[in-house]
Amino acid sequence: MLSKKEQRKEQIMQSALELFSVKGFYNTTIPDIANALKMSVGNMYNYFKSKDILAKEIIKYISIYLGHKLKEINELDISTEEKTRKIIEVYFETAMKKPEMIDYFLRIYLSTREVFKDGCEGMICVNEFVTEIMIYFEEGVKCGDLRDQDFFSAFGLFMGYLGGMVFLRGENILPKELDDYVDDISYNVYKALSV
Amino acid sequence: MRVLWLSSIACNGNTHSFLNYPYMEQFLNDFEFIYHPVIDSNYSLKEIVTETIACDILLIEGSISDEFKRADVPVVDIITKYAKIVKKIVTVGTCATFGGIFRESDYKDTTGLHFVKEVKIDKFKDLLNKTISLSGCPVHPEVLVNTLYAIKKSVDLQLDNFLRPKDYFAYTVHNGCTRNEYFEYKVDNHKFGELEGCMFYDHGCQAPFTHGSCNKILWNEVNSKTRAGLPCMGCTEPTFPKSNLFGTKKNMGIPQDLPLGVGKRTYLTLAGITKAFTIDRLEKKLFDD
Ligand code: SF4
Ligand code: SF4
């Protein structure tokens, strides 16, 4: 169970995420977030000392959220092909149910590096998520399913593709919902990565 | 104490290593070889195999096969005979302990005294409680000599699952390497023989998952492989020898063998953090050209 303070923090991050996705990151202020939660600005600062700190905590929160989901998949006794599909399903499901999360990852974390350069060096703030992707790759190679290659060439292919699809959805360009693409995308990704 | 050094299928590497023991004179005052292949001893090999000469410690060097003979007597018979009368048996080196490189020889069913790689064998199982394993290719002379002194003084040595004294084998070879800082911050821009860089990430160093004291008890009292700039090849382990000793086996960039006892998630989490930073001091040469 989360402590009361942790629960409150989560609420703040969740509502900040929603505001960011509607108003944009720079246009959202701490008072806006406090308002949305009917909190005083002073109290808000008890939880997060600045918007930059909040921004970093949010990316960690998302990484932990997705990391946990991926860890469950990694621990299943299934083939790499099935894992590939499940990871894609989870990613798309999150993009549909919590679009603000993936949105934040793609539009804010990846493109607002100046906010994250101190304290989120390299992939520190997305460690939980990246670690699970690494384990999925590593185990895939070890059991002979995936082709051994540089981590980033595989990571880029995987994340670039999924991120691209979610982006298109966000721009209302995709004619169908994301889950309609799971079959084809899983097939493509696995075909591209396998031996 | 009377000691028999019995060579089975061996390259005599352990003998050479032993000859580098710096206090040999003292050692030879305290111990007497009834037979040693290169050191003057009181009995010939012929006498050793035909008679039963009084003896306290049996040292076995080299892997063992039923087919292999010394002075026309199967080495297993010599072992069986002397094992009965000695106080302790010591397998000297990785071949005598796990089969080692001579597992690949043409002799049939070549093994160590009690193990083939990690697998325990039954052949000499009634000798298990007499045996101490000293693996290494070759064994470190001080590890050998200190163990013999421990036997002489009846010290109760704690042994690991492969019967190796924990005093030397509870550590990993990584312990005490001068490159530990480079390991911590994941810097391996090593060039063989140079002082900078840790060889775990690209150059095949097996020290973090190899049991031994090479970096605690230095070789020739001066240096170790890894300090000098050569990767540890894991010569004390049952799996020795492996192939491709100069490169780290990786799957999508992740080392296949991780430091002993460190889980994959733990390793990757730490790696992710340290890799995010560049420590200038560790990227530079220690000495100017
Ligand atoms: S070179 Fe080997 S022994 Fe030395 S720090 Fe690196 S891994 Fe450890
Ligand atoms: S450094 Fe490694 S390979 Fe070298 S002697 Fe020690 S255990 Fe054997």
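Can you classify the protein assembly as shown as rounded, prolate or oblate using the Cα gyration tensor, where a ≥ b ≥ c are the square roots of its eigenvalues, rounded means a/c under 1.5, and otherwise it's prolate if a/b beats b/c and oblate if not? The shape class here is prolate. Each 5 Å bin, from zero up to the one with the longest distance, holds this percent of the alpha carbon pairs of segment B:133-176: 6, 20, 32, 28, 11, 3, 0. Taking only the Cα atoms of segment A:141-195, the ratio Rg/Rh comes out at 1.06, with Rh defined as the Kirkwood radius. For segment B:171-289, the spherically averaged projection of the C-alpha convex hull amounts to 7.9 nm². Each peptide in B:72-81, A:114-123 receives the mean, over its residues, of other Cβ atoms within 10 Å, and ordering these scores from highest gives B:72-81, A:114-123. Note on A:Y47: accessible area approximately 50 square angstrom, rounded to 10, probe 1.4 Å, nucleic acids and ligands left out. Each of the peptides B:278-288, A:80-90 was scored by the mean count of other Cβ atoms within 10 Å over its residues; in descending order, highest first, they stand as A:80-90, B:278-288. Average 1/r across all pairs of distinct alpha carbons in segment A:1-134, invert it, and you get the Kirkwood radius: 15.8 Å. Accessible surface for A:T29 stands near 60 Å², nearest 10, in the context of the full protein assembly shown (1.4 Å probe).
Taking each DSSP H run with n ≥ 4 as -39500 (n - 2.57) and averaging over every residue of the protein assembly as shown yields -12500 deg cm²/dmol at 222 nm. The share of Cα pairs per 10 Å bin across chain B, counted from zero up to the longest distance, runs 6, 27, 31, 20, 11, 4, 1 percent.
How big is D for segment B:67-156, in µm² s⁻¹ as a whole number, if Stokes-Einstein is applied with the Kirkwood radius of its Cα pairs at 25 °C and 0.890 mPa s?
On the way: Rh = 13.9 Å.
For these conditions, the coefficient is 177 µm²/s.
Partner shielding of B:246-258 amounts to 5, given as the average count of beta-carbon atoms from other chains within 10 Å of each residue beta-carbon.
What shape does segment B:2-167 take by its C-alpha gyration tensor, where a ≥ b ≥ c are the square roots of the eigenvalues and a/c under 1.5 counts as rounded, a/b above b/c as prolate, and the rest as oblate? Rounded is the answer for segment B:2-167, as its axis ratio a/c remains below 1.5. Normalised Debye scattering of segment B:87-137 at q = 0.23, 0.24, 0.31 Å⁻¹ gives log10 I(q)/I(0) of -0.80, -0.86, -1.22, counting only Cα atoms as equal scatterers and leaving out solvent.
Using heavy atoms of the protein chains and a probe of 1.4 Å, the accessible area assigned to B:D40 is about 150 Å². One quarter of the convex hull surface built on the alpha carbon atoms of segment B:102-258 amounts to 10.8 nm², the projected area averaged over directions.
Once a ≥ b ≥ c are taken as the square roots of the eigenvalues of the Cα gyration tensor of segment A:51-193, is the result rounded (a/c under 1.5), prolate (a/b larger than b/c) or oblate (a/b not larger than b/c)? Note, shape of segment A:51-193 comes out oblate.
Would you calculate the convex hull of the Cα atoms in segment A:1-49 and tell me its volume per residue in Å³?
Spread over its residues, the Cα hull of segment A:1-49 gives 69 Å³ apiece.
Please work out the C-alpha center-to-center distance from segment A:122-168 to segment B:44-122 and express it in whole Å. Using only Cα atoms, the two centres lie 51 Å from each other.
The values are calculated or read from the model by the stated rules, or taken from the named source; none is laboratory data. Not measured: the values here are computed from a predicted model. All Cβ positions, glycine included, derive from the backbone under ideal geometry; neighbour counts span all protein chains shown. With ligands, DNA and RNA removed, areas are computed over all heavy atoms of the protein, side chains included. Shrake-Rupley method; radii C 1.70, N 1.55, O 1.52, S 1.80 Å.
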